[in-house]
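The values are calculated or read from the model by the stated rules, or taken from the named source; none is laboratory data. It should be emphasised that the depicted structure is a prediction, and the values quoted were computed from it without experimental measurement. Glycine gets a Cβ as well: all are built from the backbone with ideal geometry, and neighbour counts include every protein chain shown. Only protein heavy atoms, including side chains, enter the accessible area calculation; ligands, DNA and RNA are left aside. Shrake-Rupley method; radii C 1.70, N 1.55, O 1.52, S 1.80 Å.
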Amino acid sequence: MLLPRSIKHCRACGGEVRYEVPADDNRDRATCTVCTTIHYENPLNVVGTVPVWDDKVLLCRRAIEPRRGLWTLPAGFMELGETTEQGALRETIEEAGARVEMQGLYTLLNVVRVGQVHLFYRARLLDTDFDPGPESLEARLFGEADLPWDELAFRTTRRTLELFFADRRTGRFEVHVGDIA
Ligand SMILES: [Zn+2]
């Protein structure tokens, strides 16, 4: 999780970092007191899927902190060298061991408080042979009625699932853009 003023040491030389406004800038930046390298901090993308089988959605129970033991859609930090869609597919394979056909962007949720943007894609499960990876305790299909609404790990997961089941009733899935306070 990216928190403001979290950088203590320079990634280039190991020197001490101080937060100050560089010339021609307008906000504090982590600036090395030794080699003057400026370390810019910007929001990170979290990418994942809503894997669907009939009227059910695949959730993973987290084996790692934060929110160990709670349920989430398969998702994680985007890596360099991949698109958002490729990252979402990779996370679905890594966390759930699920085979899916990607179906397009579904939600884009700004989580300004922690400096993240979460993007979820709809995905059609090709089978129900799941093989959860080390980051998941289990992977299981849930319908709207038996979904563990009180044991969800993240608010972006909750928002995406609420939107999904609401859209499912109308049969119209559009891209939703929103902010999580
Ligand atoms: Zn330095």
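For ILE64, the test of being in a helix (DSSP H, G or I) and open to solvent by 20 Å² or more (accessible area, probe 1.4 Å) is failed. If you check VAL34, VAL46, VAL17 for being more than 12 Å from the ligand (Cβ to nearest atom), surrounded by 12 or more Cβ atoms within 10 Å (Cβ to Cβ), at pLDDT 95 or above and hydrophobic (A, V, I, L, M, F, W, C), only one passes: VAL46.
Residue-level check: of (1) surrounded by fewer than 16 Cβ atoms within 10 Å (Cβ to Cβ); (2) out of contact with any strand residue (DSSP E or B) (no Cβ under 8 Å at 6 or more places or on another chain); (3) part of a loop (DSSP other than H, G, I, E, B), THR128 misses just (2).
Annotation note: of GLU65, GLU85, GLU79, the sole residue that is touching a residue at least 12 places away in the same chain (Cβ under 8 Å) and either acidic (Asp, Glu) or over 28 Å from PRO148 (Cβ atoms) (or both) is GLU85.
Among the residues examined, ALA145 qualifies as among the aliphatic types (A, V, I, L, M) and part of a loop (DSSP other than H, G, I, E, B).
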